Amino acid sequence: MSDTIFTKIINKEIPADIVFEDDSCIAFHDVNPQAPTHILVIPKIQIARLAEAGEEDQALLGHLMLKTREIAKNLGFEDAYRVVINNGEGAGQTVFHLHIHLLAGRPFSWPPG
Ligand code: DGP
């Protein structure tokens with residue numbers, strides 16, 4: 001797969017407001033927030049979308065989810081937040097590097113739009 005803007009963020013070629021980073025993932029504020037707190041949690045390896053993840057990515061996917069939970073807690077959102085993965089253009093995906101949206105700080109309705 002080809003590089004996306006997120007590769008540039010991982011490589012620190014463009015700035016981002018980073019809230020967490022380790023060897024396998026990085027989390028930063030979304031440039032176009034859809035809630036008062038809107039963080040993107042992404043793997044450092046390139047997986048275009050959830051549909052492209054394989055069995056070999058099982059531990060990484062679990063790591064991303066647990067880090068999302070940890071980031072939410074550290075930001076003071078233990079009880080009410082939403083976690084979203086848009087998979088494919090038809091679901092609203094615009095950057096083809098797998099990412100978890102962590103949204104918090106406002107009420108969320110269901111079903112989502
Ligand atoms: P999605 O639509 O699920 O592919 O979400 C992509 C998100 O990425 C969207 O909410 C806006 C965000 N985004 C796109 N480009 C940048 C960027 O350069 N910096 C940051 N921080 N966020 C970006």
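Please treat every number below as a calculation from the coordinates, not as lab data. Since we're looking at a predicted model, the values are computed, not measured. Quick reminder, even Gly has a Cβ in these numbers, built from the backbone with ideal geometry, and neighbours come from all protein chains shown.
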Practice prompt. Give me the distance in nm between label points sitting 7 Å out from Cα along the Cα-to-Cβ direction at residue 14 and residue 78, one decimal.
Written response: 3.6
Discussion item. Tell me which of 29, 10, 64 sits at the most positive position along the dipole axis of the chain, charges placed on C-beta atoms (Lys, Arg +1; Asp, Glu -1).
Written reply: 29
Response to the item:
For residue 98, the residues 5 or more places away or on another chain with a placed amide H closer than 5 Å to its own amide H are 47, 48, 49
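Which whole-number percent is the relative contact order of the chain (Cα, under 8 Å, 6+ apart)?
Numbers: 155 pairs, mean separation 34.1, N = 113.
Value for the chain: 30 percent.
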Worksheet item: What is the magnitude of the charge dipole of the chain about its Cα centre, with +1 placed on the Cβ of each Lys and Arg, -1 on the Cβ of each Asp and Glu, and no other charges, expressed in debye to the nearest 20?
Response: 340
Discussion item. Cβ neighbours within 10 Å, averaged per peptide: list 31-41, 54-64 in order, most packed at the top.
Written reply: 31-41, 54-64
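So, by mean Cβ neighbours within 10 angstrom, what's the order for 68-77, 92-101 with the highest one leading?
92-101, 68-77
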Worksheet item: Hey, what number do you get for the chain at 222 nm if only DSSP H runs of n ≥ 4 count, each worth -39500 (n - 2.57), divided across all residues, to the nearest 500?
Response: -6000 deg cm²/dmol
